[in-house]
Amino acid sequence: MLEGGVSETWNAFATGAVLTAWALHLGADPSTIAILQGLSTGAQVLHAPAGFLTEWIGRKRLAIVAMTGARLAWAPMAALPLLELDRGDAALLLIGVAALSATLQVLGQNAWGAWMGDVVPPTLRGRFFGARTVFVTGGAALASLASALLLESELPREITLPGIAALLCMTGLVSAGLLAQQVDPLGRVPRTRPDLRAYGEALRDPRARGLFVYQLLWGAAVAPAAAFFSLHVLRTLHAGFFLLAAHAIAIALTRVFTAPLWGRAVDRWGARPVLAICSFGISMMPAIWVFTGPERVWPLAIDAMLSGLWWGGHGVASFDLPLGIAPAKRRSYYLALFAMASGFGFAISTLLAGTAADWLAANAGGDLRPLFAVSAVARAACALVAVRVHEPEASSVRSLIFGLRRGASAP
């Protein structure tokens with residue numbers, strides 16, 4: 001669980017506001033910023049070879065090597081002041097570093113997910129990942145505050161941004177040590193020979209088809225808003241990094257309190273109804289952003305509270321559900337295809353959103369709120385798709401709602 005906090009620290013330093021700060025510092029345009037923001041999710045399309053490598057190299061071994069490499073990949077940006085590159089070349093280096101880091105992170109995620117499926121018993125997964133979310137969000141909150149303090153300090157960006165990159169590398173070393181201490185139930189079991197036919201079996205499996213479609217559509221629905229939130233806050237709302245940090249911390253605190261409750265709900269009613277309800281709830285977020293403006297940033301406080309609530313449940317359910325569908329011996333292949341679908345949808349949608357953002361910059365003063373409205377509608381539609389995902393033992397959405405209402409009204 002502690003490693004989850006370190007991992008989320010890396011995520012906060014390598015994506016979101018910090019990545020936007022890098023891009024703005026190097027003079028990137030909106031479409032380039034969209035590509036940078038979409039790399040971490042768009043790289044999920046590489047899960048297909050990741051599943052193969054997981055079975056070939058081993059789950060624990062690949063998780064440690066790849067996830068550590070994803071952090072250390074930022075070393076060139078830490079050394080940027082010594083490289084004497086112009087802004088154009090530095091921007092290309094940033095894209096290359098972010099792409100390499102995202103690729104290695106995908107390899108590590110696939111191996112780690114399959115590994116944790118071996119470690120955590122099915123009956124405890126909801127509660128375990130709910131508890132782990134507490135550590136994850138704690139790391140995110142601390143990292144967001146630290147990055148805001150650095151970026152809003154009087155130090156020039158030529159110093160603060162490479163300093164953050166150096167911290168990224170340090171999290172890689174800490175993460176490697178923590179992962180190495182975790183058990184590997186299959187460590188002494190002879191590894192099976194990788195079988196590419198397993199991908200075809202997963203695609204033909206009717207149990208997996210519904211989740212595959214959901215992941216594809218969900219990635220496409222999230223991208224138009226997710227790629228531009230930080231840019232919207234900094235440029236359209238004329239706010240600073242402290243507001244982004246406060247927003248992230250509020251989300252983290254809400255998730256700390258709600259994620260364990262969602263974990264128990266997943267164990268009791270199943271992951272599918274939780275996924276459906278939270279998908280619909282998440283559609284409110286970009287709709288709230290539509291009503292923000294330079295003189296009206298208070299809706300972001302509501303957004304932060306609701307984001308922590310709904311994303312906390314979505315995170316627990318979206319991790320538990322694939323593990324329940326995937327057969328143990330084919331888990332890495334199934335997880336690869338689920339993540340690959342999400343990444344493909346996100347990547348295509350990000351490219352389209354980047355083109356739309358350039359058009360809005362030229363014709364609508366750079367107002368990105370139309371993209372948020374599109375994302376809100378698309379996310380709500382995905383909730384209907386989530387209801388049809390395969391999970392035979394799960395309760396209905398109505399049963400979950402009634403159960404939550406009874407729990408909320410209990411003395």
**Fill in**
Within the range 230-275, restricting to residues that are touching a Ser or Thr at 6+ places or on another chain (Cβ under 9 Å) and among the charged types (D, E, K, R), the one that is farthest from L404 (Cα to Cα) is R255
**Fill in**
By residue number, the members of the range 178-227 that are at pLDDT 80 or above and among the aromatic types (F, W, Y) are F212, Y214, W218
**Complete:** Residue hits (the range 257-315; under 18 Å from R398 (Cα atoms), over 20 Å from the mean Cα position of the chain (by Cα) and not hydrophobic (A, V, I, L, M, F, W, C)) are R264, D267, R268, G270, P273
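Give the range 356-375 a look and list any residue that's part of a helix (DSSP H, G or I) and within 14 Å of D29 (Cα to Cα), or say none. Explain how you work it out, then say what you get.
Just the residues of the range 356-375 that are part of a helix (DSSP H, G or I), to begin with: 356-363, 369-375.
A356, A357, D358, W359, L360, A361, A362 - these are the residues of the range 356-375 that are part of a helix (DSSP H, G or I) and within 14 Å of D29 (Cα to Cα).
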**Prompt:** Within the range 138-160, can you find the residues that are modelled with pLDDT of 80 or more and not aliphatic (A, V, I, L, M)?
**Reply:** P156, R157, E158, T160
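Would you check if L234 is at pLDDT below 85 and farther than 20 Å from S332 by Cα?
Values: at pLDDT below 85: yes; farther than 20 Å from S332 by Cα: yes.
For L234, the condition - at pLDDT below 85 and farther than 20 Å from S332 by Cα - is met.
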**Fill in**
Scanning the range 367-387 for residues that are surrounded by fewer than 18 Cβ atoms within 10 Å (Cβ to Cβ) and of a type in the set (G, A, S) gives A373, A380, A381
**Asked** Just one of the numbered conditions (1) outside any helix (DSSP H, G or I); (2) buried (at least 23 other Cβ atoms within 10 Å of the Cβ) is not true of A239; which one?
**Response** (2)
**Item:** In the range 253-311, the residues that are over 27 Å from E391 (Cα atoms) and either in a loop (DSSP other than H, G, I, E, B) or touching a Cys at 6+ places or on another chain (Cβ under 6 Å) (or both)
**Value:** F291, T292, P294, E295, V297, W298
**Message:** For the range 1-25: of the residues being at pLDDT below 65 and of a type in the set (G, A, S), which is nearest to A141 (Cα to Cα)?
**Reply:** G5
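The values are calculated or read from the model by the stated rules, or taken from the named source; none is laboratory data. Everything numeric here is computed off the predicted structure, so don't read it as measured data. Because the Cβ atoms are built from the backbone with ideal geometry, glycine has one as well, and the counts that use them run over all protein chains shown.
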